[in-house]
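The values are calculated or read from the model by the stated rules, or taken from the named source; none is laboratory data. As the structure is a computational prediction, the values presented were derived from the model and not from experiment. No Cβ is skipped: glycine too gets one built from the backbone with ideal geometry, and neighbour counts run over all protein chains shown.
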Amino acid sequence: MTIRNEFVPIAILGLVLLALIALGVQGLPAPLSLLRLLLGLFFVLLVPGYTLQAALFPRAGDLDGLERLALSFGLSVAIVPPIALALDRLPWGIRLWPIVVAEALFITACSVVAWLRRQRLPPAERPAIAIGLDLRGWWMSQDRTSRILYAVLVGALLTAAISAAAIILLPKPSDYFTEFYALGPEGLAENYPRQALVGEPVTVTVGITNREGVAAEYRVEIWVGEHQVGASGPVRLEDGETWERDLDYALPEAGPDQRVDFLLFRDDDGEPYRSLQLWIDVVKEEP
């Protein structure tokens with residue numbers, strides 16, 4: 001099979017990648033997440049440089065296939081950093097969609113220039129990508145240097161593919177965590193009690209969400225300096241389960257800006273697993 005206009009499949013794959021990016025990573029099945037990652041690497045490490053070299057060298061005889069492939073990788077590596085630096089200077093910054101749009105515009109512009117330059121050439125001088133199934137015959141026709149270069153390239157691509165698959169499919173320790181939070185009177189992370197009388201109960205809503213992948217047992221202790229002023233638990237939570245309770249504590253001594261430590265302990269660990277701090281002014285009598 002011979003592809004005489006490779007910019008059409010590049011455009012189709014680009015639209016697929018845009019759709020996967022728009023869907024987001026969360027909620028995508030593992031194969032689609034892996035496909036998005038592989039297409040992303042393809043459009044970052046190969047396509048920008050390929051379209052640029054196609055625009056610079058439109059004739060088939062300008063470069064052979066191996067030279068075009070190597071130049072595509074090299075130019076892609078050289079192109080991406082200037083685009084990132086330019087975005088960093090612009091109001092949009094280095095974020096996902098600005099990068100996607102910038103890369104898409106660059107690839108589209110180079111593809112259009114390459115296609116227009118090819119149209120001015122006789123059909124026999126236009127590059128074409130030949131895809132054949134006689135891999136053994138093709139391999140035997142290569143010289144020693146070409147075989148080494150192709151072997152290194154295939155090894156690098158296989159390593160990248162295996163690494164990408166491992167990143168997507170294997171569980172990552174960073175994905176396992178416990179949410180530990182405190183809420184104010186309106187159920188939001190704001191408007192916490194800022195003043196109280198000595199011995200007056202203060203109420204704060206404390207929540208725990210287990211995202212460890214396994215069931216776990218938790219307990220909460222509330223400390224002010226060396227004094228423990230409150231506690232709750234132990235409570236056992238299954239993976240994905242959330243626990244919320246109103247916890248009361250009282251400050252034993254007057255003083256401004258006293259730090260209240262909420263310590264979360266997991267299972268039988270003697271060291272705090274998570275911690276929160278609130279600051280409160282304690283007075284002897286109501287002002």
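Summary of values
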{"item": "Of all residues making up region 72-127, the number that are touching a Phe, Trp or Tyr at 6+ places or on another chain (Cβ under 6 Å) and of a type in the set (Val, Ile, Thr)", "result": "0"}
{"item": "Search result, residues across region 189-232 that are over 19 Å from ASP261 (Cβ atoms), in a strand (DSSP E or B) and of a type outside the set (S, T, N, Q)", "result": "LEU197, ARG211, ALA216, GLU217"}
{"item": "Long-range neighbours under 9 Å by Cβ, at least six apart or interchain, first residue within 30 Å of LEU251 (Cβ to Cβ) and among the basic types (Lys, Arg) within region 208-223, second surrounded by fewer than 19 Cβ atoms within 10 Å (Cβ to Cβ) and modelled with pLDDT under 90", "result": "ARG219/GLY233"}
{"item": "Region 265-287, residues that are farther than 22 Å from ASN191 by Cα and among the hydrophobic types (A, V, I, L, M, F, W, C)", "result": "PHE265"}
{"item": "Among (1) more than 30 Å from GLN258 (Cα to Cα); (2) of a type in the set (A, V, I, L, M); (3) outside any helix (DSSP H, G or I); (4) modelled with pLDDT of 85 or more - the single one LEU133 does not satisfy", "result": "(4)"}
{"item": "Residue within region 157-171 that is at pLDDT below 85, under 22 Å from GLY65 (Cβ atoms) and among the small types (Gly, Ala, Ser) present", "result": "yes"}
{"item": "Any pair with Cβ under 8 angstrom, 6 or more apart, that starts in region 70-86 at a residue that is touching a residue at least 12 places away in the same chain (Cβ under 8 Å) and farther than 19 Å from ALA156 by Cα and ends at one that is in a helix (DSSP H, G or I) and among the aromatic types (Phe, Trp, Tyr)", "result": "ILE79/PHE106; ILE83/PHE106"}
{"item": "Selection from region 259-286 of residues that are more than 30 Å from the chain's Cα centre (by Cα), touching a residue at least 60 places away in the same chain (Cβ under 8 Å) and not in a strand (DSSP E or B)", "result": "LYS284, GLU285, GLU286"}
{"item": "Where PRO256 falls short, out of the listed (1) within 40 Å of the chain's Cα centre (by Cα); (2) surrounded by fewer than 12 Cβ atoms within 10 Å (Cβ to Cβ)", "result": "(1)"}
{"item": "Extreme residue, surrounded by the fewest Cβ atoms within 10 Å (Cβ to Cβ), among residues of region 224-243 that are within 18 Å of PRO201 (Cβ to Cβ) and in contact (Cβ under 8 Å) with a residue 24 or more places away in the chain", "result": "HIS227"}
{"item": "When residues of region 21-59 are limited to those that are modelled with pLDDT of 85 or more and part of a loop (DSSP other than H, G, I, E, B), the one surrounded by the fewest Cβ atoms within 10 Å (Cβ to Cβ)", "result": "ARG59"}
